[in-house]
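Structure record follows, encoded as structure tokens.
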Amino acid sequence: MEEKLFRNEKIEFTDGLNRTFEKLPEDALFVVDRKLLQVTEGLMTFLEGKKMYLFDASEKNKNLSELEKIYDFLLENHVSQTLIAIGGGITGDLAGYAAATFKRGIPFVMVPTTLLSMCDSSVGGKCGVNFRGIKNYIGAFRKPDRIIICLEFLKTLEERELRSGLGEILKYGLIGNRLILDDLLSSDKDLFHLPMKEYILSGLLIKSEVVQADYSDQGIRNILNFGHNVGHAIESVLEGAVTHGEAVALGILAEIDLSTMKLGLNPETGIKAMKIMDKYGLRRKISADKEKLMEAIRKDKKNDENMRFTLLSELEKPEIKVMVQEAEILEALTVILE
Ligand SMILES: NC(=O)c1ccc[n+]([C@@H]2O[C@H](COP(=O)([O-])OP(=O)(O)OC[C@H]3O[C@@H](n4cnc5c(N)ncnc54)[C@H](O)[C@@H]3O)[C@@H](O)[C@H]2O)c1
């Protein structure tokens with residue numbers, strides 16, 4: 001029943017790892033985050049005798065050479081099977097792009113195993129790889145035929161990765177559901193006991209509605225990019241020293257500052273975001289070269305000679321394609337630089 005809420009996204013929630021495995025076709029081909037074999041109970045047994053490509057998930061490996069290895073794996077084994085990715089956003093983006101492009105597209109099922117991939121990256125069809133140091137420069141739009149979410153996977157996730165997912169949840173709270181922010185602020189629970197299913201559902205509702213309205217990211221879908229212009233630049237410049245969600249949360253702080261500067265956003269919103277980040281241990285400062293960050297923002301695939309950001313005029317009121325000047329960005333960057 002839940003899946004009906006998510007316009008055009010074929011999302012199923014399952015209880016328990018065994019139930020999840022039972023739902024997967026026996027003769028499928030698998031791309032699996034290698035780390036899961038060590039931490040996920042029953043996965044090794046389930047995969048025994050199946051055709052699989054084990055992937056070492058890292059931003060560095062989200063590249064064309066790994067993609068080519070997956071094409072080889074498909075070429076050697078493909079008859080007419082489905083490709084199933086079991087892993088986080090990196091595994092999903094890479095395997096999804098392989099499925100989108102191999103023989104012009106083969107059936108694809110995503111089993112997200114991180115908070116970030118459950119609430120965000122598995123949905124909406126964006127897939128791809130990094131290229132020449134630019135995030136997701138090569139990619140496509142291709143929705144998975146099914147997304148199977150099992151919260152059991154979260155139990156083995158490292159604290160830092162849970163926090164990373166919280167970065168995107170913070171974004172959803174700011175652009176579309178302030179109740180998430182209120183809940184995070186007033187909760188007496190630690191990171192491991194937060195009501196993640198509720199946050200995932202809220203995020204998926206916001207994302208699926210926006211994606212339905214603007215699948216190819218020409219307009220309203222840009223609101224999901226809040227925090228990402230600066231966030232992607234941080235990821236590029238710090239190369240692996242920050243996770244995607246950590247970079248997005250830092251990007252959010254800089255872009256909140258820009259929102260206050262450009263659109264008169266109430267500074268209280270920034271204070272709220274900072275309190276949440278402090279409460280759950282998301283870092284608010286990094287040490288990086290301002291000029292290098294600026295250079296990476298200029299190079300972002302979404303920017304031409306004009307830099308246009310998604311900013312907030314009020315809480316839950318994102319505005320897309322707001323033109324910003326370099327001097328303004330440089331000023332906003334000081335908020336997050338040590
Ligand atoms: N396609 C989209 O719309 C979209 C949206 C947001 C982010 N993204 C992309 O998603 C990526 C980030 O995704 P991510 O944060 O899931 O990263 P990830 O896939 O690297 O996973 C993070 C870490 O957790 C490990 N891991 C995965 N599942 C685990 C589990 N159940 N237990 C223990 N460890 C586990 C991985 O091995 C990895 O070390 C970025 O590349 C980003 O660009 C894509």
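The values are calculated or read from the model by the stated rules, or taken from the named source; none is laboratory data. These numbers come from a predicted model, not from an experiment. All Cβ positions, glycine included, derive from the backbone under ideal geometry; neighbour counts span all protein chains shown. With ligands, DNA and RNA removed, areas are computed over all heavy atoms of the protein, side chains included. Shrake-Rupley method; radii C 1.70, N 1.55, O 1.52, S 1.80 Å.
Looking at Lys207, is it in a helix (DSSP H, G or I) and either open to solvent by less than 20 Å² (accessible area, probe 1.4 Å) or over 29 Å from Met118 (Cβ atoms) (or both)? It is true that Lys207 is in a helix (DSSP H, G or I) and either open to solvent by less than 20 Å² (accessible area, probe 1.4 Å) or over 29 Å from Met118 (Cβ atoms) (or both).
Assigned to a loop (DSSP other than H, G, I, E, B) and more than 19 Å from Ala57 (Cβ to Cβ): does that describe Gly173? So Gly173 fails the test. If you go through the stretch 27-39 one residue at a time, do you hit one that is part of a strand (DSSP E or B), closer than 30 Å to Gln212 by Cα and more than 16 Å from the ligand (Cβ to nearest atom)? Looking through the stretch 27-39, at least one residue is part of a strand (DSSP E or B), closer than 30 Å to Gln212 by Cα and more than 16 Å from the ligand (Cβ to nearest atom). When the stretch 47-68 is limited to residues that are farther than 20 Å from Val111 by Cβ and in a helix (DSSP H, G or I), the one that is most open to solvent (accessible area, probe 1.4 Å) turns out to be Glu68.
Just one of the listed residues (Ile329, Ile297, Ile320) is part of a strand (DSSP E or B) and either of a type in the set (Gly, Ala, Ser) or crowded, with 16+ Cβ neighbours inside 10 Å (or both), and it is Ile320. Filtering the stretch 130-141 to residues that are more than 10 Å from the ligand (Cβ to nearest atom) and either in contact with a Phe, Trp or Tyr (Cβ under 8 Å, 6 or more places away or on another chain) or without any contact (Cβ under 8 Å) to a residue 40 or more places away in the chain (or both) leaves Phe131, Arg132, Tyr137, Ile138, Ala140.
Within the stretch 298-320, being in contact with a helix residue (DSSP H, G or I) (Cβ under 7 Å, 6 or more places away or on another chain) and at pLDDT 95 or above holds for Phe309, Thr310, Leu311, Leu312, Ser313, Leu315, Glu316, Pro318, Glu319, Ile320. Taken as a whole, the stretch 189-198 holds no residue that is open to solvent by less than 10 Å² (accessible area, probe 1.4 Å), under 18 Å from the mean Cα position of the chain (by Cα) and under 29 Å from Lys143 (Cβ atoms).
A quick yes/no check of all residues on (1) open to solvent by less than 10 Å² (accessible area, probe 1.4 Å); (2) touching a Lys or Arg at 6+ places or on another chain (Cβ under 9 Å); (3) near the ligand (Cβ under 8 Å from one of its atoms):
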site: Leu83; (1), (2), (3): yes, no, no
site: Ile86; (1), (2), (3): yes, no, no
site: Asp93; (1), (2), (3): no, yes, yes
site: Ser117; (1), (2), (3): yes, no, yes
site: Gly125; (1), (2), (3): yes, yes, yes
site: Gly128; (1), (2), (3): yes, yes, yes
site: Lys155; (1), (2), (3): no, no, yes
site: Glu168; (1), (2), (3): yes, no, yes
site: Tyr172; (1), (2), (3): yes, yes, no
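Evaluate the following for Arg308: is it open to solvent by 70 Å² or more (accessible area, probe 1.4 Å), part of a strand (DSSP E or B), among the basic types (Lys, Arg) and at negative phi?
yes
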